[in-house]
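The values are calculated or read from the model by the stated rules, or taken from the named source; none is laboratory data. What you see is a predicted model; the values in this text were computed from it and never measured. As a convention, Cβ positions derive from the backbone with ideal geometry for all residues, glycine included, and neighbour counts pool all protein chains shown.
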Amino acid sequence: MYEFTLPDYNGNSIINLMSSISNSFGKKHSYPELVSLNSKRLKRFKNLVLIIIDGLGYNYLKKQKNSFLLENLDSKMTSTFLATTACANTSFLVGYPPQQHALTGWNINLKEVGAITTILRFAPMYGKESLSKSGFEMDKIMDIESFHKGFNGKCFELIDKKIADGPFTEYVSKDTEIIPTTNYKNTFTKLRALIKKKSTKRRLIHAYIYELDSLSHKEGVSSKKVNALFRDLDARMKNLAKSVSGTNTAIIVTADHGFIDTAPKTWIWVEKIKGLKDCLTIPLAGESRVRDCFVRPSKAKDFEKIVKTKMSKYCWCFKGEQLIKDNLYGLGKPNKKLIDRVGDYVLIMKKNYALKDKLANYKPKKLHKGKHGGVSDDEMLVPLVLIDC
C-alpha cells in the first residue's frame, strides 16, 4: 500500500533507541529496544551522551569520506513520521513518537487555542507573539509523562539559550537539568567539562545542535557551506572523544531527520490549483513535505477528484485516520489529541516536491533550498554513531 520508507518502530527507529536508553536507566519503556544497541550493552557505561545533530541524514553522512563520524558509524535507523524536528526531536525529549506525544509537524491545528500553531515557538502561524501572553499553557496542549522521571541516574540537557527557557522546552525537559549554550562550539566546551566532572550517579547527557539544520535550509544540504560546517562539527566530535577518553562514556550521535534539496520549480502552490482552496476549511497544517488537509464534508469528493486528476504527479493522498490505524505515527493507543491534529486527508509529497499556501498577510520571501519532513530515504534515514570513550 505504501510506496515509500516507513518508520520501523518495532526495533529500528529512534524510538527504539530511546527505549534502550530508558531501560538501561531502570525505567521500563513500552516500545521494543533498538536491535543494534540494547540496554544491556548500554548499562556498562557510567555516562551516556546523546548528541542530536539536527538534519544529519544517514545518506549524507555516508558520502562524507575521511570523516570521524563515518568511521564510527554503527548502523542506520528510521526517523518518526513525520521526519521533522517537531515530531522527531520531540521524540528524543519525551521518549515516544507522535502516536503518544501528538505533535504532528511544524504547524499544528490546535483546537485548544483556535489557531494553527508553530508549536516549537508556541506562537500562531501568522505571527511571533507567544501564546503564553494570551494565557495559554503548554500542559493544556501536551499531556505526556516526563520521560526522565524515574530514571536511576542524573539527566542533563544542553540546548541553545534562545529556546532553553521557552514553554515547549520547559514542558518536555522536566526532571532534567537544562544547561543553556550559545552555539555548537560552546556546546562541545560544556559537554567536555560536564563529562569530566566527577559524579557518584550514572548520567544521561543530551545535547542538541541545530546549526546544520538551519544552514541546510538556507543553502541546501549539498552546498559547500553545509559541507564545511559538517567538517567542523566532525573535527570537534573527534576532539571531544579524545579529550574524554577513559571516562567510561558512550557517545551516541544521531539525528532527527535528513534533508533533500528543492528548487522553485518543485514548489506547488494551493492557489494555483483550481478549486483546491475552496475544499479546505482552514489553511494547510503540518510541513510542506507532508500536508494535513482539513476538508469540508460537502467538498470531500471534489477534493479527492482534484488531487487525483491534478496532483497525483506530486503527491500521494491518504485519509488521516488510516495513517493512524496503520501505525505511521507510532504503536499502541493513540493520544486522544492526535485525531484532531492529523488532517482529514494527508498529502505526502513525492520526489522533492513541496506544497504551500498563502495567508492573507503573505509577503514574498526567499524560499528554503533544503527541506525535510517527507518519506524519502534521504529524509527518513538517520545514522547511529557509537563512540566508546
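Take Ala228 and decide whether it is in a helix (DSSP H, G or I) and in contact with a strand residue (DSSP E or B) (Cβ under 6 Å, 6 or more places away or on another chain).
no
From the list Val375, Val346, which residue is part of a loop (DSSP other than H, G, I, E, B) and surrounded by 21 or more Cβ atoms within 10 Å (Cβ to Cβ)?
It is Val375.
Can you name every residue in the range 97-117 that is under 22 Å from Ser134 (Cα atoms) and either hydrophobic (A, V, I, L, M, F, W, C) or not in a loop (DSSP other than H, G, I, E, B) (or both)?
Result: Leu103, Trp106, Asn107, Ile108, Asn109, Leu110, Val113, Ala115, Ile116, Thr117.
Name the single residue that is nearest to Leu229 (Cα to Cα) among those in the range 162-199 being outside any helix (DSSP H, G or I) and of a type in the set (A, V, I, L, M).
Ile179
Scan the range 364-385 and give yes if some residue there is small (Gly, Ala, Ser), modelled with pLDDT under 95 and under 18 Å from the mean Cα position of the chain (by Cα), otherwise no.
Within the range 364-385, one or more residues are small (Gly, Ala, Ser), modelled with pLDDT under 95 and under 18 Å from the mean Cα position of the chain (by Cα).
For the range 25-41, indicate whether the set of residues that are closer than 26 Å to Thr187 by Cβ, outside any loop (DSSP other than H, G, I, E, B) and either modelled with pLDDT under 95 or of a type in the set (A, V, I, L, M) (or both) is non-empty.
Among the residues of the range 25-41, not one is closer than 26 Å to Thr187 by Cβ, outside any loop (DSSP other than H, G, I, E, B) and either modelled with pLDDT under 95 or of a type in the set (A, V, I, L, M) (or both), which makes the answer no.
For Leu323, state whether it is assigned to a helix (DSSP H, G or I), of a type in the set (A, V, I, L, M), within 20 Å of Leu6 (Cβ to Cβ) and modelled with pLDDT of 95 or more.
Criteria met by Leu323.
Assuming Gly114 fulfils every condition listed in (1) surrounded by fewer than 20 Cβ atoms within 10 Å (Cβ to Cβ); (2) at negative phi apart from one, which condition is it?
Every condition holds for Gly114 apart from (2).
Of the residues that make up the range 73-96, is at least one under 18 Å from Arg202 (Cβ atoms), outside any helix (DSSP H, G or I) and over 14 Å from the mean Cα position of the chain (by Cα)?
No, the conditions are met nowhere in the range 73-96.
Just to be sure, is Ser216 buried (at least 20 other Cβ atoms within 10 Å of the Cβ) and among the polar types (S, T, N, Q)?
Yes.
Do you know which of the residues in the range 280-303 that are small (Gly, Ala, Ser) and surrounded by 19 or more Cβ atoms within 10 Å (Cβ to Cβ) is farthest from Met349 (Cα to Cα)?
Applying the filter and picking the extreme gives Ala285.
Just the residues that are out of contact with any helix residue (DSSP H, G or I) (no Cβ under 8 Å at 6 or more places or on another chain) and closer than 16 Å to Lys111 by Cβ, please, taken from the range 142-153.
Asp143
Residues that are among the basic types (Lys, Arg), surrounded by 14 or more Cβ atoms within 10 Å (Cβ to Cβ), modelled with pLDDT of 95 or more and within 25 Å of Lys27 (Cα to Cα): does the range 182-190 have at least one?
no
Check the range 51-64 and report whether any residue there is more than 20 Å from Ser214 (Cβ to Cβ) and either of a type in the set (A, V, I, L, M, F, W, C) or in a strand (DSSP E or B) (or both).
Within the range 51-64 (the criterion being more than 20 Å from Ser214 (Cβ to Cβ) and either of a type in the set (A, V, I, L, M, F, W, C) or in a strand (DSSP E or B) (or both)), the answer is no, since none of the residues qualifies.
Going through the range 40-57 one residue at a time, which ones are buried (at least 24 other Cβ atoms within 10 Å of the Cβ) and either closer than 19 Å to Asn12 by Cα or touching a His at 6+ places or on another chain (Cβ under 6 Å) (or both)?
Ile51, Ile52, Ile53, Gly55, Leu56, Gly57
Which number in (1) touching a residue at least 40 places away in the same chain (Cβ under 8 Å); (2) assigned to a helix (DSSP H, G or I) marks the one condition that Gly286 misses?
(2)
Determine which single condition Lys277 fails, assuming it passes every other condition in (1) buried (at least 17 other Cβ atoms within 10 Å of the Cβ); (2) over 22 Å from Tyr60 (Cα atoms).
(1)
Out of the range 118-138, which residues are of a type outside the set (Gly, Ala, Ser), over 16 Å from Trp106 (Cα atoms) and in a helix (DSSP H, G or I)?
Hit for the range 118-138 is Lys133, nothing else.
In the range 337-357, is there at least one residue being basic (Lys, Arg) and either over 21 Å from the mean Cα position of the chain (by Cα) or in the same structural domain as Glu33 (by TED's automatic domain parsing) (or both)?
Taking every residue of the range 337-357 in turn, none turns out to be basic (Lys, Arg) and either over 21 Å from the mean Cα position of the chain (by Cα) or in the same structural domain as Glu33 (by TED's automatic domain parsing) (or both).
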